[in-house]
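Below: one structure, written as structure tokens.
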Amino acid sequence: MSALDPLTLAVIQAGLGQVCNEMDIAFSRSAFSPVIAEADDRSSGLYDRDTGALISQGELGLPVFVGTMQYSTRELIRLIGEGRAGPPEPGDIYIVNDPYLGGTHLMDVRFALPFYHRGELFCWLQNTGHWPDIGGMVPGGFSAKATEVEQEGLRLPPVKLFKRGVMDPEIYAIITSNIRIADQRIGDIKAQAAALKVGERRLTELVDRYGRDTVAEAIGEIRQRAARLMRAHIATIPDGVYRSEAFVDSDGVVNEPLKIALAVTKAGDTLTFDFTGSSPPCRGPMNSVAATTYSAVYLAVRHIFPDTPLNAGAFEPLKIVRPEGTFLDAHYPRPVSGCAAEVSQRIAEAVFLALAQAIPDKVTAAPAGSSGNFALGGIDPLKAAGYVMYQISGGGYGGNIEGDGISNGCSTIGISKTAPVEVMEQYYPVLFRRFALREGSGGAGWRRGGFGVHYEVELLRGEARASFVMDHGRFGPPGVLGGGDGAPNIVRIHRGNEVSIPEHLSKDQDIPLSRGDRVEVMTPGGGGYGDPFRRDAALVARDVIRGYYTAEEARSLFGVVLSADGTVDAAATAAARSRLKRSA
Amino acid sequence: MRRVVGIDVGGTFTDLLLYETGPGGERVRLAKIPTTAANQAVGVLGAIAETGVAAADLDLIIHGTTATTNAVLERKVARVGLITTRGFRDTLELGRRTRPRPYGLFGTFEPLIPRELRVEIDERMSARGEVVVPLDETALAAAVGKLAGMGCESLVIHFLHSYANPAHELAAGAIARRLWPNEYVTLGHALLSEYREYERGTTASVNAAVQPILDRYVRRLQRELEDQGFKRDLLVMNGNGGTVSARVVARDAAKTIMSGPASGVMAAAATLAQSGIKNAITYDMGGTSTDVALVHGGVPQVSAELTIDYGLPIHVPMVDVRTVGAGGGSIASINAAGMLQVGPQSAGSEPGPICYGRGGTLPTITDANLVLGRLDPDRLLAVSQPVTVAQVRDAFGATLAKPLGLGIEQAAAAVIRLANTHMAGAIRMVSLSRGHDPRDFTLFAFGGAGPLHAVALARELGIPEVLVPARPGLTNALGCLVADLRQDFVNTLNTPLDTVAMTEVGAILAAQRERGIAINAEEQSEIVETTVLHGADMQFRGQTHLIRVAIPRADVSREELQALFEEAYFNRFQVRLPEIKAVLVNLVTSVIGRRRSFPIGALIEGGGRAASAAAAIIAERELFAGGRWHLARVFDRVKLPIGARIEGPAIVQQVDATTVIEPGSVATVDAIGNLRIDVFGASA
């Protein structure tokens, strides 16, 4: 058999994926930041030596990084070529977090390792980890009010943090002098570098075994085949232009919605994504950089066709018109802290809403689509120590042809788990009054949306400041094919006897809290799928027994009338459904 | 005469091993009959009858059951009610913000306890175990009555921070037990006293959901055994690889989940110990999935973070078995990109592989083994319509070989190797990802298909030796026969090591030890020696993941524990962090009552062995390996003499498995009847 028989190809493809998975696992298990260790907000991949194109990325990595790291690798290679970054040597590891150099937001810090095989540069290994703080005007980095990137934290161009295997203490000192709670960063930095070393060792074994030429040839072939698979998927979509719109509540500074206008054109075996007509760059931090915008499109398409391998070939049939002049292609010094967590999810939502018109059997109604970032920073008088607490939240997923959406699903762009309430209360001076399913939040439909979360957290000791970057406060996640929208996000601040709602609904920062004050959050439900009047009345009755909806909602949303004992009144239901339908 | 029986009820077969010792020497009897799914007890009694020994003449029965695992996976569980802290009735439904798969937004999740059966009452503890809201006993009694009235058969009482202070759960439990119509009341902290309300609550709800099922089953089995005159002890396997008395097993019913795979690993550990092997990877390949686990330093690795199904973590210690969806029934196909793929679709046992003749038309791993001569075409499992090798070859030709531009054999060989690559990935995950190099391990192969693939798989991984035990298809029953009595305990401290009161550490460990010894005392006559293992789950301050550190004595010193932790951390992650404080999160103790050992060598009776390896040859057959056909000798396993040496290519057949010895590998029958295969023998 030739060097590239079908089997060798399949074995090398699986082997490259395993290199990435092992890097991901090593990184999470040894990390300190709970954002990485518990929430898995990190990703690892292999990238082309000359172009930075994605060779392979782990299934266990955060989806939003699916496309971004190939851009940051490309920028790194460019800067090395221009003499603006030092040339690579074995044992070097570069650090970079500049959003405009193929990044996301400043908290996502990348490490890049040039991979040498027997002295020759073969490819790049890169990982991204979300650091719990990178300096800037608010603890945790999710400022809702920043108007320039300098306010968001420390920005690093690609510099060698490790030179020939040894960490540079001067660069380390610059970093730790500019971030909060710096004493724990040494653990994360060592973990992030060690994870790349794990990958280096496994990839060396793979290349030793099959030979450099064979592996290189296989990488090329795997890429072509991924493109072929994606083209085959695209070919199943009817030709046409599918338009959608999605809205970010506001940029946090100017209280106006930001519009994403999308036209998806399917022709032959390519899909073209055109964001012309989207809002211009904004003053607040809801700008997206191009790398994140592209990645959001890629991850949305992969949610629709999950069996496509993760490499640059899969992206080839996806043409994205560069969204110049819009908030989806921000340049220095536009603030960008909301791009990875929120704007990316509105972009994915626009992709879902457009393609739901074409292939409704493969796309769900809109999911909650917010990371629900809530940061609380202060000093705990009991421990006499500062803290930054993060709470992320899920929401309902969209109804779909197979069933109802799940409740408290993870953000579209993430795979991060929330920390248990018991862990939060161990670490921080807070008490959760409730952490519950948000009743009534799932959008009505033939298949209804899943439910959001309703939680309420009380400050037990000292003073603190609360900041949020969430979304879908103005409009709920849209339903499709006649399904209703999921409930919008709600934040309420209980201070003393006053209850207030932030001006920007889902975004605010530095809200002062005292002992006994509470923050209440209700996250969005998923959109409904199909006509709610076609939903099986018995399922509606079950949902009422479970307390998901009230009997009144069963009637008004689903046209189902229940008897006193909770069972379906079939005659009254039929009458109500036909009457309500006529009046609609 | 003393007779001990190990019986494992698997998905397809009920397997039995009976071990007799007496003045006249020792003897092993075997039985294998189809599992009776509706009432597993029928199959258990049938297997005993098959041995020809009356139940009345048995001294001890150790039983492994899939009753609880299957009940959860199929959601055929008892109706359970939950009483919980106000504001937290949805903990079990919301989980921790996940989705079933990393990509794709489809999927559903149904909690084991539906929402209308979850009731909130006023009570609250703080994270430090202080009462924030007192327990409302009146509301509690009302909730108990309400849930009983709604037809719940078992009850869970799960309060926040009960690991820190169980007072409310204990008080509520005492009230509930007076009112509840049966014994099925589970307290949240009873199975594990560890933080993480979703995982702890789910573990408790799984326990309550399977408790009535297991209790009824065990009582019925006991009664039927007694009807046949059996008056002695019945032990039941747990997922931690130990056993408990049938009289108390239902109390912690969740611990019996995954006990089948655990018994296989315990059998492997016992066999390896008697073969003088310390480090092995166990590899159990069946019809739909493959289980792998690690035995390191002679000890099966145990984890308390396993998940049995999406959204159902069970955080009680279980033998750390990883499952991949590749088995004999996995289907091979060509995807839209023209790539060969194996799985994840499986033909299962219905319709099964093409060669089973039950209507399967898609090529599977088993079919590939048949095409390549690795399986005996004369021993096809065809039941209704006989299938010929030619028919299977045609299917490979049309669906795989032609589109790939390969010969039929090459296509079948590619299927085998790709399947091996997937299984190799799982093995790397249990070895490399924990800092172990698979090349330092022996591959212990069992299950129906394990020995077929093991040598080729070992080559893929660089593993130097494969061990195929005497009875690969009865390994789980052997696990029952050799399992120890084992109790595990966890208590959460979550305190920096430099401030923890070491006297408290000593007191907790001693109390855990006492509890374990008290439970094992139920079966004191079986125990020849008791071993107590203490450990600590530790981390550097600020981390969330834990690393398990073995503690030599209950009165360990602070400095000693610090040093042990630093060493364990370095071994795992190759990083030292002198800048950061260590935190003692959990104290754990395992109390292991060692039972009399079983001589592995007795599994194949000496009397049937031939004088030489040559005399054990029963046939010759064409075997495709290394890219060409070979004429391979076929040996009868039970006739192979101790010390026999077989050079590959060769095939060793026995009733319950087929072992393929690839060209270049050399097998030897060791002193206790294991087949030991030197994978790279000829090339060394």
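The values are calculated or read from the model by the stated rules, or taken from the named source; none is laboratory data. This structure is a prediction, so every number in the text was calculated from the model and none was measured. Note that we place each Cβ from the backbone using ideal geometry, even for glycine, and neighbour counts take in every protein chain shown.
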- Message: Testing A:ILE77 on (1) under 22 Å from A:GLY220 (Cβ atoms); (2) surrounded by fewer than 24 Cβ atoms within 10 Å (Cβ to Cβ); (3) touching a helix residue (DSSP H, G or I) at 6+ places or on another chain (Cβ under 8 Å); (4) not charged (D, E, K, R), one condition comes back false. Which one is that?
- Response: (3)
- Message: Suppose the filter is in the same structural domain as A:GLY405 (by TED's automatic domain parsing), in contact with a Gly (Cβ under 8 Å, 6 or more places away or on another chain), at negative phi and hydroxyl-bearing (Ser, Thr, Tyr); does A:SER500 pass it?
- Response: no
- Task: Return a yes/no flag: does the stretch B:149-171 have any residue that is more than 7 Å from chain A (Cβ to nearest Cβ), assigned to a helix (DSSP H, G or I), within 30 Å of A:GLY399 (Cβ to Cβ) and not β-branched (Val, Ile, Thr).
- Result: no
- Query: Any idea how many residues of the stretch A:6-18 are aliphatic (A, V, I, L, M), touching a residue at least 60 places away in the same chain (Cβ under 8 Å) and out of contact with any Ser or Thr (no Cβ under 7 Å at 6 or more places or on another chain)?
  - Reply: 2
- Query: In the stretch B:398-510, which helices (runs of 4 or more DSSP H) lie fully inside it and hold 1 or more residues that are on the phi < 0 side of the Ramachandran plot, surrounded by fewer than 24 Cβ atoms within 10 Å (Cβ to Cβ) and within 14 Å of chain A (Cβ to nearest Cβ)?
  - Reply: B:408-430, B:450-461
- Query: Which fully enclosed strands (runs of 3 or more DSSP E) of the stretch B:266-358 have 2 or more residues being under 29 Å from B:THR108 (Cα atoms), in contact with a Pro (Cβ under 9 Å, 6 or more places away or on another chain) and within 14 Å of chain A (Cβ to nearest Cβ)?
  - Reply: B:330-334
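Can you tell me which residue within the stretch A:412-464, out of those that are assigned to a strand (DSSP E or B), touching a residue at least 24 places away in the same chain (Cβ under 8 Å) and among the aliphatic types (A, V, I, L, M), is nearest to the other protein chains (Cβ to nearest Cβ)?
So the first thing to find is which residues in the stretch A:412-464 are assigned to a strand (DSSP E or B), and the list is A:430-437, A:447, A:453-459, A:464.
Remaining after also requiring touching a residue at least 24 places away in the same chain (Cβ under 8 Å): A:430-433, A:437, A:447, A:453-459, A:464.
In the following step, the residues that additionally are among the aliphatic types (A, V, I, L, M) were identified as A:430-431, A:437, A:453, A:457, A:459, A:464.
Values: A:VAL430: 9, A:LEU431: 7, A:LEU437: 4, A:VAL453: 6, A:VAL457: 11, A:LEU459: 14, A:ALA464: 17 Å.
Filtering first and then ranking leaves A:LEU437.
Show me the helices (runs of 4 or more DSSP H) entirely contained within the stretch A:1-107 in which 2 or more residues are more than 10 Å from chain B (Cβ to nearest Cβ).
Numbers: elements: A:6-30, A:34-37, A:65-81.
Answer list for the stretch A:1-107: A:6-30, A:65-81.
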- Which numbered condition B:ARG247 misses (of (1) surrounded by fewer than 24 Cβ atoms within 10 Å (Cβ to Cβ); (2) touching a Phe, Trp or Tyr at 6+ places or on another chain (Cβ under 9 Å)): (2)
- Go through the stretch B:581-640 residue by residue and tally those that are closer than 30 Å to B:ARG558 by Cβ and either hydrophobic (A, V, I, L, M, F, W, C) or not in a strand (DSSP E or B) (or both). 9
- Query: Does the stretch A:531-540 include one or more residues that are touching a Lys or Arg at 6+ places or on another chain (Cβ under 8 Å), among the hydrophobic types (A, V, I, L, M, F, W, C) and over 20 Å from A:ALA350 (Cβ atoms)?
  - Reply: yes
- Given the residues A:ALA541, A:ALA570, A:ALA576, which is the only one that is over 30 Å from B:GLY107 (Cβ atoms), more than 33 Å from the chain's Cα centre (by Cα), in contact (Cβ under 8 Å) with a residue 12 or more places away in the chain and surrounded by 17 or more Cβ atoms within 10 Å (Cβ to Cβ)? A:ALA576
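Just checking, does the stretch A:526-544 include any residue being more than 14 Å from every other protein chain (Cβ to nearest Cβ) and aromatic (Phe, Trp, Tyr)?
Filtering the stretch A:526-544 down to residues more than 14 Å from every other protein chain (Cβ to nearest Cβ) leaves A:528, A:530-538, A:540.
Checking which are aromatic (Phe, Trp, Tyr) leaves us with A:533.
Yes; the residues of the stretch A:526-544 include at least one that is more than 14 Å from every other protein chain (Cβ to nearest Cβ) and aromatic (Phe, Trp, Tyr).
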- Query: Failed condition for B:THR364, given (1) of a type in the set (S, T, N, Q); (2) within 14 Å of chain A (Cβ to nearest Cβ); (3) without any contact (Cβ under 8 Å) to a residue 40 or more places away in the chain, with all others met?
  - Reply: (2)
- Message: Among the residues of the stretch B:190-198, are any of a type in the set (Asp, Glu) and surrounded by 23 or more Cβ atoms within 10 Å (Cβ to Cβ)?
- Response: yes
- Message: I want to confirm something. Restricting to the stretch B:539-568 and keeping residues that are of a type in the set (Lys, Arg) and part of a loop (DSSP other than H, G, I, E, B), which single residue is nearest to the other protein chains (Cβ to nearest Cβ)?
- Response: B:ARG541
- Message: Based on this model, can you work out whether B:ARG101 counts as under 36 Å from the mean Cα position of the chain (by Cα), surrounded by fewer than 15 Cβ atoms within 10 Å (Cβ to Cβ), within 10 Å of another protein chain (Cβ to nearest Cβ) and under 27 Å from A:GLY527 (Cβ atoms)?
- Response: yes
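Can you name every residue in the stretch B:104-114 that is at the interface with chain A (Cβ under 7 Å from one of its Cβ atoms), of a type outside the set (S, T, N, Q) and within 28 Å of the chain's Cα centre (by Cα)? Outline the logic, then answer.
So the first thing to find is which residues in the stretch B:104-114 are at the interface with chain A (Cβ under 7 Å from one of its Cβ atoms), and the list is B:104-109, B:114.
Those left that are additionally of a type outside the set (S, T, N, Q): B:104-107, B:109, B:114.
Result: B:GLY107, B:PHE109.
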- Note on the structure: Looking across the stretch A:298-320 at residues that are away from chain B (no Cβ under 14 Å) and either part of a strand (DSSP E or B) or touching a Phe, Trp or Tyr at 6+ places or on another chain (Cβ under 7 Å) (or both), the single one that is surrounded by the most Cβ atoms within 10 Å (Cβ to Cβ) is A:PHE315
- Count of the stretch B:1-44 residues which are farther than 23 Å from B:ASN238 by Cα, in contact (Cβ under 8 Å) with a residue 12 or more places away in the chain and part of a strand (DSSP E or B): 8
